[in-house]
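The values are calculated or read from the model by the stated rules, or taken from the named source; none is laboratory data. What you are looking at is a predicted structure, and each value in this text was computed from that prediction instead of being measured. Here the Cβ is made from the backbone with ideal geometry for all residues, glycine too, and neighbour counts use every protein chain on show. Accessible surface is based on the protein model in full, side chains and every heavy atom, while ligands, DNA and RNA are left aside. Shrake-Rupley method; radii C 1.70, N 1.55, O 1.52, S 1.80 Å.
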Amino acid sequence: MKRIEFSEPISVSGTNAKFSPLGKYLAFVYANKICVLKSDSLQTLTILTTIDQVKHFEWSPDSQLILAVMPGRNKLQAFDITDNKWTCSIDAGGLGIEWATFSPDSRHIIYANEFHLMLSVISLIDKSVRTIEWPKNPAENLKFTPCGSLMIIGIGERKNTKHQDAISVVRLCDWKLDAHFETATQDFKSIQLDLTGGAIALSDPLPESRVTVYSINGQKYATVDSGVHSICRFSPTSQFLAIENTFKIDILNTITWSKIAACSAEANPAEIVYEETTNGFSISRKLFDTYIADEEAPNFTQTKFSATNRYISTVQGQCVLIFSVEYMQTVVGIYFKEKVKAIEWSPIDNRLSIGTNNGNLYLWTPGGTMLVKVPHHGISTKKLMWNQTGESCIIYSKDKCSIAFFDGEEKENTGKDKATSEPLGKANLNIINRA
């Protein structure tokens, strides 16, 4: 990594700034405007004006459309960044809007109303409307298979006044039900789908914290106790399922669904430990060992695999632990002066960005750990988001963000944001859904 540069601070509403799926554009919200920039130069491409303040927005998978969610008006607006004349307005009626996204083909909008009574699917081609009753929180319980052919949605059915968890699998070619099955869970809170699209892991925290795994056809693979919470992650190769426990990460293989390892800093002491100093890091483990050995040490959180599947990281209060997936051993421990708020792996290599809600950006690579001071007053690292190209990263602060640009070795860039989806319907669609 040769050099890191930072953009000037950008005023945003909340943390409403996102790169387009293939990384060519950056969009951010300020009040009722969405500004779209070229991600490499930050040159303004277009400015979209909505009818009300935007709570959040989504890019379409083909990077052509932007969807603005405005709960205050019970409305959605979609814009085409390649055609300023094309817009779509959706009125949800009295049921309101809480969450919305695009389907994988970028030509259907899916949204949930308040209290999750119904999920609506609206076509941008023919304006048809389909509905699904009793969805669980779709932000955590709606997934698409990697090939984009199926939608998996968690359902909370009501049967004789009793609650029953279920999974519905919907074919996206015709939006008809492909499979539906009840699950042996009490009230699962989130779905994880492996990258083959064949296994579904359900996090069921109460009354006993468990992870239950099913095939996409409803065959039950396993039920695993998971300590105080039931957070789990599939590895990028789908070979492993990591279950976040109190002070360890249980690793299951996805063939027999049996535990093959437990990653823990106490059971497998870190080979190298970095501790933050005034201007950087020193190799020392005194504060680190004392911190993680404390009886009141925080639980593990934010467990994530690296994109290369070589490492798995987790946060423990003021520490970040990095384990080798190959050897299931603690490779590195990093102790910070403040609690860690965010960690994100680069989508293309083994760089890990870390934020502790101060004016620094921390980076770990297999070559070491570094501290980079953000050269702007008022920017603190509350949240991080990488560009899919791996060439830049958004640093979110309170109502501001800055873009960190990484000048490394030249990489072949084969990803281009192009609209290859079905042509949209006529301009200025107005859809009123009173379902």
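One table, with the values for the structure above:
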| read-out | value |
| --- | --- |
| Probe 1.4 Å - accessible area at Thr185, Å² to nearest ten | 20 Å² |
| Residues with amide H under 5 Å from that of Lys341, placed H, sequence gap 5 or more | Gly355, Thr356, Asn357 |
| Accessible carbon and sulfur surface of the chain relative to its total accessible area, %, 1.4 Å | 48 percent |
| Chain lengthening between Gln53 and Glu266 when straightened (0.36 nm per residue, less Cα-Cα) | 71.8 nm |
| Listed residues Ser392, Leu352, Ile260: farthest to the positive end of the dipole of the chain (Cβ charges) | Ser392 |
| Euclidean distance of C-alpha centroids, segment 41-91 and segment 291-310, integer Å | 37 Å |
| Probe 1.4 Å, all protein chains present, accessible-area order of Ile10, Ile200, Ile260, largest first | Ile260, Ile10, Ile200 |
| Intensity falloff of the chain expressed as log10 I(q)/I(0), Debye formula with alpha-carbon point scatterers, at q = 0.12 Å⁻¹ | -1.13 |
| Segment 107-206: chymotrypsin sites (Phe, Trp or Tyr not before Pro) falling in loop per DSSP and having at most 16 other Cβ within 10 Å | Trp175 |
| Under 5 Å, built H, 5+ apart or other chain: amide partners of Thr87 | Asn428, Leu429 |
| Reachable lysines from Lys159, criterion Cα separation under 18 angstrom, eight or more residues apart if same chain | Lys136 |
| Three-way shape call for segment 264-373 based on the alpha-carbon gyration tensor, with the a/c threshold at 1.5 | rounded |
| Phi-based couplings in Hz for segment 355-361 (Karplus 6.51, -1.76, 1.60; Gly and Pro marked x) | x, 10, 6, 10, x, 10, 10 |
